[in-house]
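Enquirer: The structure that follows is given in the form of structure tokens.
The values are calculated or read from the model by the stated rules, or taken from the named source; none is laboratory data. Keep in mind that what you see is a predicted model, and the values were worked out from it rather than measured. Cβ sites come from the backbone with ideal geometry, for glycine too, and all protein chains shown count toward neighbours.
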Amino acid sequence: MKRVAIIGCSHSDYHCLTDFHKTTGHWVKRCLEKFPNIEFHNYAVSGHSNLYIDMALRYILLYEKYDLIIVQTTAFNRWMMPTGFNGKETVFFDDDNLHRVWHKKHYIKQYKNYYKHMLKLPRIQNRGTHYPTAQSMKEFSVTYVDSEGCSYNASKEWPNEKLNTAEDKVFNLATFFSTMLIKNLEILSNQHPIYYWHFSGWEHMHYTNIGREDTIKECLTSHRDDWKSWVDDTWHLTEEANTYFFNEYLMKSNLGKKLIDLS
């Protein structure tokens with residue numbers, strides 16, 4: 001049986017364990033139904049960042065073997081940070097415990113070809129709406145680096161007069177990292193069976209190699225010119241939109257052709 005990995009955020013996080021997830025990622029459900037002879041492994045996690053997506057992709061390329069890797073990139077301004085362990089010793093990873101931090105399980109029993117993979121590491125996920133200020137993070141920091149690249153020792157000197165101007169900058173570390181991820185996906189997709197796209201309706205966020213010139217929003221609104229009717233109050237695709245997206249966008253792309261070939 002051929003194996004396909006999926007990495008992304010809530011737009012691809014299909015598992016139905018909560019009311020929220022009963023309506024998200026249903027294009028994955030369509031894959032399970034249309035291709036029962038393909039085994040799908042889903043690493044997508046709601047609310048997570050491109051840092052997580054990059055981390056999952058690196059793990060897959062190092063330790064797993066898939067016939068196809070689908071990467072759905074997410075909001076560029078999201079970020080992720082580890083949490084403390086109340087003074088417990090930090091564990092350094094070897095090949096054995098790298099595998100053990102991923103939890104693999106059948107979450108939807110009627111689909112025997114579907115596995116969810118969850119990363120069992122404590123972390124805080126920032127969705128990019130608000131960032132902590134440098135001043136509020138001072139007690140947790142060793143070094144502060146301002147927007148000009150100047151470093152300050154948090155225990156001795158802290159450039160209070162610069163903090164506001166630095167935090168008002170449009171560019172930040174998360175958007176820089178996300179841009180680098182897209183550039184790396186362009187290279188990696190020439191070396192591995194990787195197909196990627198960004199689940200956004202906006203033209204300036206149209207990063208993909210699946211062979212579609214139009215965005216998902218353009219595809220949907222060409223059928224019915226009311227974008228809000230395609231999304232719910234959390235700005236995720238409705239059940240109808242997921243079905244239309246799968247049939248008319250994904251399946252009529254190079255990614256769809258690849259799935260058919262694998263089946």
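Enquirer: Might you check whether a residue that is surrounded by fewer than 17 Cβ atoms within 10 Å (Cβ to Cβ), modelled with pLDDT of 90 or more and either farther than 26 Å from Val231 by Cα or not assigned by TED's automatic domain parsing to the domain that holds Asp232 (or both) occurs anywhere in region 88-111?
Expert: Within region 88-111, none of the residues are surrounded by fewer than 17 Cβ atoms within 10 Å (Cβ to Cβ), modelled with pLDDT of 90 or more and either farther than 26 Å from Val231 by Cα or not assigned by TED's automatic domain parsing to the domain that holds Asp232 (or both).
Enquirer: Considering every residue within region 241-255, establish whether at least one is in a helix (DSSP H, G or I), of a type outside the set (A, V, I, L, M, F, W, C) and closer than 28 Å to Leu62 by Cβ.
Expert: yes
Enquirer: Mind checking which pairs have a first residue in region 36-47 that is farther than 11 Å from Leu68 by Cα and a second that is aliphatic (A, V, I, L, M) and part of a strand (DSSP E or B), Cβ under 7 Å, 6 or more apart or different chains?
Expert: The qualifying pairs are Asn42/Ile6; Tyr43/Ala5; Tyr43/Ile6; Tyr43/Ile7; Ala44/Ile6; Ala44/Ile7.
Enquirer: Any residue in region 96-125 that is of a type in the set (Asp, Glu) sitting within a Cβ distance under 6 Å of a residue that is assigned to a strand (DSSP E or B)? List the pairs, counting only those 6 or more apart or interchain.
Expert: none
Enquirer: Here's a follow-up. Every residue in region 208-263 that is exposed (fewer than 13 other Cβ atoms within 10 Å of the Cβ) and of a type in the set (Val, Ile, Thr), please.
Expert: If the condition is that a residue be exposed (fewer than 13 other Cβ atoms within 10 Å of the Cβ) and of a type in the set (Val, Ile, Thr), then Thr234, Ile260 are the ones that fit.
Enquirer: Answer yes or no: is there a residue in region 34-52 that is in contact with a strand residue (DSSP E or B) (Cβ under 9 Å, 6 or more places away or on another chain) and surrounded by fewer than 16 Cβ atoms within 10 Å (Cβ to Cβ).
Expert: Within region 34-52, one or more residues are in contact with a strand residue (DSSP E or B) (Cβ under 9 Å, 6 or more places away or on another chain) and surrounded by fewer than 16 Cβ atoms within 10 Å (Cβ to Cβ).
Enquirer: Name the residue that is modelled with the highest pLDDT, counting only residues in region 191-204 that are crowded, with 17+ Cβ neighbours inside 10 Å and hydrophobic (A, V, I, L, M, F, W, C).
Expert: Checked region 191-204; the qualifying residue modelled with the highest pLDDT is Ile194.
Enquirer: If I filter region 27-69 down to residues being aliphatic (A, V, I, L, M) and assigned to a strand (DSSP E or B), which single residue comes out as farthest from Trp102 (Cα to Cα)?
Expert: Filtering first and then ranking leaves Ile38.
Conditions tested, residue by residue: (1) of a type in the set (D, E, K, R); (2) closer than 29 Å to Tyr66 by Cβ; (3) assigned by TED's automatic domain parsing to the domain that holds Lys29.
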| position | (1), (2), (3) |
| --- | --- |
| Asn209 | no, yes, yes |
| Ser222 | no, no, yes |
| Lys228 | yes, no, yes |
| Tyr244 | no, yes, yes |
| Met251 | no, yes, yes |
| Gly256 | no, yes, yes |
